[in-house]
Amino acid sequence: MGGKVVTISSGKGGVGKTTATANLGISLASLGKKVVVIDADIGLRNLDVIMGLENRIVYDLVDVVEGRSKLRQAMIKHKKFDDLFLIPAAQTRDKMAVSPEDMVKLANELREDFDYILIDSPAGIERGFRNALEPADEVLIVTNPEVSAVRDADRIIGLIEAADKGPGKLIINRLKTELVKKGEMLSSDDVFDILGLSIVGIIPEDELVLSASNSGIPVTLNMQSKAGMAFNNVARRVIGEDVPFMNLDENPGILQRLAKLLNGR
Amino acid sequence: MTNLLSRLFGRAKKGSGATAKDRLRFVLQHDRINLPPERMEEMKSEILAVIVKYLVVDKDRVEIDLEQRDRTHSKLVAEIPVAIHTPSANSKPVADSGAPADAAESNGADAELADDDSAVEAAKSDSPKDAKEAKADEDEEDKKP
Ligand SMILES: Nc1ncnc2c1ncn2[C@@H]1O[C@H](COP(=O)(O)OP(=O)(O)OP(=O)(O)O)[C@@H](O)[C@H]1O
Ligand SMILES: [Mg+2]
């Protein structure tokens, strides 16, 4: 059946779906995979700017679905990777312009030519989410270590399972190691205990994510970025590599190392 | 000093992270069965209201809780201590089928309860309906200037 459709979802908005989609797309492409990323957030187009491709858009997803453009015409090639393409969302239409069946048809066409089809789902549990979910072979659920985001993730997970698309895998984004150490933030273990899904990524809070979105150069392309490295690890896990979780501690000081020894951890 | 030490050595006291986890557990329990906390309390009251029609219940020790193994496995677990019937006590009609299994395990406390008429009365008058009305009255009081 060819390529694999991976949908990136969350429930709550603003937790990092688009950031994750862009970075996974780049990482998978740099691992030599043929990748297309689809912005399914119709009316709130974003993936194009995060990937720095906004000035190349001619046609969009709705144009393809409504037959105004051929699929190939709406696919924008990434500047750096010949095998990475974006299908942008329509900016002036609403989610009802596309149906889940349209997405399945589109995904099946893309499966023939690509290894991975990543779909950036809009927030919420309505049509846009259904559109992104329907063609999925695998769902990654992005959440933040925070009460409301985890609650909404649980809701989404229930819906994903009800649609026979489960179990999804978790990406815990914006983890602040310092706060976790002080007991002032949910740890990745806490989130795992509560949601019970396997974790495919733990991404630290990283200021470089903001600079990356300012410049349209996703953070995985920045060797200095811990978030970038963490996203790269997610991509490697997605293709089936067994990658250990990186140590997110900055430079564990002598006291912290002593504490670890004393506490036996 | 211990505080300083424990902080130095990274053994933090319960911070807001732990609170977040507890709150999430609670809210998800109810989300997952689609029954908000208040409705759950109503249900418990109704269950008890039925039981006290047949049995003398030690209300203070009633525990009706939702146990959740994961997203798809939830069960309601109830422990409802009932007074065992002693011939000397002001007897109350009990269904022929007898007391449930739990009653067989009834400990001294339950037996005492049965002997102590006032305690039984208290348990009876504290029926959920009364409790609710009492609450409604309170609410009324609150509204008065
Ligand atoms: N690991 C991170 N560190 C710091 N900032 C981050 C991180 N991940 C995401 N952000 C920031 O969080 C904001 C929201 O991210 P993003 O747009 O990817 O979320 P989203 O889930 O796609 O939002 P929406 O639901 O609106 O589509 C952005 O400003 C982004 O720069
Ligand atoms: Mg987004």
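How crowded by other chains is B:18-25, given as the mean number of beta carbons from other chains within 10 Å of each beta carbon?
Details: counts 4, 4, 9, 9, 0, 2, 12, 3.
So the per-residue partner count for this stretch is 5.
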Distance violations [Cα-Cα > 24 Å] among A:LYS70/A:LYS165; A:LYS4/A:LYS70; B:LYS14/B:LYS59; A:LYS12/A:LYS80; A:LYS77/A:LYS169; A:LYS4/A:LYS176: A:LYS70/A:LYS165; B:LYS14/B:LYS59; A:LYS12/A:LYS80; A:LYS77/A:LYS169; A:LYS4/A:LYS176
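What is the fewest-to-most order of A:PHE245, A:PHE129 by other Cβ atoms lying within 10 Å of their Cβ? Walk me through the intermediate numbers first.
Numbers: A:PHE245 12, A:PHE129 24.
Least crowded to most crowded, the residues run A:PHE245, A:PHE129.
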Burial ranking of peptide ranges A:53-65, A:231-243 (average Cβ count within 10 Å, highest at the top): A:53-65, A:231-243
Once a ≥ b ≥ c are taken as the square roots of the eigenvalues of the Cα gyration tensor of region A:1-134, is the result rounded (a/c under 1.5), prolate (a/b larger than b/c) or oblate (a/b not larger than b/c)? rounded
What is the mean number of Cβ atoms from other protein chains located within 10 Å of the Cβ atom of each residue in peptide A:154-166, rounded to a whole number? 1
Region B:20-44 versus region A:6-47: alpha-carbon centroid distance in Å: 33 Å
Working out 0.36 nm times the residue gap between B:ARG39 and B:ARG25, then minus their Cα-Cα distance, what length gain in nm do you get to one decimal? 3.3 nm
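Place the peptides A:67-74, A:215-222 in order of packing, highest mean first, counting for every residue the other Cβ atoms within 10 Å and averaging per peptide. Please list the in-between numbers first.
On the way: A:67-74: 13.6, A:215-222: 20.2.
Answer by packing, highest mean first, reads A:215-222, A:67-74.
Antiparallel as a % of all DSSP beta bridges within region A:4-262, to the nearest 5? Could you put the intermediate results ahead of the total?
On the way: 2 of 29 bridges.
Approximately 5 percent, going by the DSSP bridge assignments.
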Debye calc, one equal point scatterer per Cα of region A:4-262, no solvent, log10 I(q)/I(0) at q = 0.09, 0.13, 0.17 1/Å comes to -0.38, -0.78, -1.31
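Only counting other Cβ atoms within 10 Å, I'd like A:LEU179, A:LEU195 sorted with the fewest neighbours first.
Values: A:LEU179 17, A:LEU195 24.
Ordered by Cβ neighbours within 10 Å, fewest first: A:LEU179, A:LEU195.
Hey, which of these cross-link pairs are over 31 Å Cα-Cα: A:LYS33/B:LYS21; A:LYS17/B:LYS75; A:LYS17/A:LYS79?
Values: A:LYS33/B:LYS21 39 Å; A:LYS17/B:LYS75 34 Å; A:LYS17/A:LYS79 22 Å.
The answer is A:LYS33/B:LYS21; A:LYS17/B:LYS75.
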Suppose each label sits 7 Å from its Cα in the direction of the beta carbon; what would the A:ASP242-A:LYS182 distance come out to in nanometres? 3.8 nm
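FYI, it's all coordinate maths here, none of it is from the lab. Everything numeric here is computed off the predicted structure, so don't read it as measured data. Ideal geometry is used to build each Cβ from the backbone, glycine not excepted, and the neighbour counts take in all protein chains shown.
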